[in-house]
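Let me begin by presenting the structure, written as structure tokens, before commenting on it.
The values are calculated or read from the model by the stated rules, or taken from the named source; none is laboratory data. Since this is a predicted model, take the numbers as computed values, not measurements. Quick reminder, even Gly has a Cβ in these numbers, built from the backbone with ideal geometry, and neighbours come from all protein chains shown.
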Amino acid sequence: MNDTSSILIVEDEVQIREAVATALECEGFATHQAATVRHAAVLAAEKRPDLVVLDLGLPDGDGVDFIRDYRAWSATPILILSARSEESSKVDALDAGADDYLTKPFGVAELLARTRALLRRHAGSQLPQEPLLRFGDFTIDCVDRTVLRGDTPLRLTQIEYRLLVSLAAKPGRVLTHRHLLAQVWGNQAVENHQYLRVYVGHLRQKIEDNPAQPRHILTEIGVGYRFEP
């Protein structure tokens, strides 16, 4: 951690966002601000912050979806600031890839302490990453949430896109049914294996040359799936 660390603040309430920015800037951090999931994704790719401070209730989407998309290409620590105090909300955010959770209203001293702790913990551990995933003829843009096959856009539903990113972000690793269901549908769906089978079938139809003999999405019987680029 050093005085030039930059922090992306994602919060749609202007007063809270500016108060957080002021507190962080007084500690010597550089800040970038976003009020929407879309703007946050663009700034995360452009500015490469050292930490993201994220509200979950955003006008164009849920912060948990941002976490899942961001984790496909970045290990940057994420600190949640949210009015959602239910245990389930905290579990969903942490399981999606958040590193810490602070409930509103919060004290500035605690916010700064958690910020410093996360930056210390992750100092020097991050590798340069790009918001692009590539395999075969395909390119996934994790900011624009688009998939190209060569130069041709591939039409995917939101669920198909999220499933593809969850798989492609961890090539060669066996991902369990439970892990994929939690990543794509949330923790409430971890026992619904039929969801996963149906959408894996849809995805294979769109990306595999021969869906009956898939090259990229391989079944690990009784366990889950493995993605091969």
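For this structure, a couple of remarks:
- Hey, L111 in contact with a strand residue (DSSP E or B) (Cβ under 6 Å, 6 or more places away or on another chain) and surrounded by 14 or more Cβ atoms within 10 Å (Cβ to Cβ) or not: no
Quick grid of which residues meet (1) touching a residue at least 60 places away in the same chain (Cβ under 8 Å); (2) in the same structural domain as F66 (by TED's automatic domain parsing); (3) among the polar types (S, T, N, Q):
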residue: F138; (1), (2), (3): yes, no, no
residue: R145; (1), (2), (3): yes, no, no
residue: L148; (1), (2), (3): no, no, no
residue: L154; (1), (2), (3): no, no, no
residue: Q158; (1), (2), (3): no, no, yes
residue: L163; (1), (2), (3): no, no, no
residue: L167; (1), (2), (3): yes, no, no
residue: G172; (1), (2), (3): no, no, no
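- Exactly one residue out of S74, S85, S89 is more than 30 Å from I140 (Cβ to Cβ) and among the polar types (S, T, N, Q): that is S85.
- Tally of residues being more than 13 Å from the chain's Cα centre (by Cα) and under 20 Å from G97 (Cα atoms) across the stretch 145-159: 2
- Looking across the stretch 198-229, the residues that are closer than 18 Å to K170 by Cβ and either surrounded by 16 or more Cβ atoms within 10 Å (Cβ to Cβ) or in contact with a helix residue (DSSP H, G or I) (Cβ under 6 Å, 6 or more places away or on another chain) (or both) come down to Y199, V200, L203, R204, I207, P214, H216, I217, G224, Y225, R226, F227.
- Residues that are of a type in the set (S, T, Y) number at least 1 in the following helices (runs of 4 or more DSSP H) confined to the stretch 1-99: 14-26, 63-71, 87-96.
- Options A117, A109: the member that is modelled with pLDDT of 95 or more, closer than 25 Å to D55 by Cβ and of a type in the set (A, V, I, L, M, F, W, C): A109
- The number of residues in the stretch 1-45 being more than 22 Å from V143 (Cβ to Cβ) and of a type in the set (V, I, T) comes to 5.
- Some residue of the stretch 35-48 being farther than 17 Å from P131 by Cβ, assigned by TED's automatic domain parsing to the domain that holds Y101 and buried (at least 16 other Cβ atoms within 10 Å of the Cβ): yes
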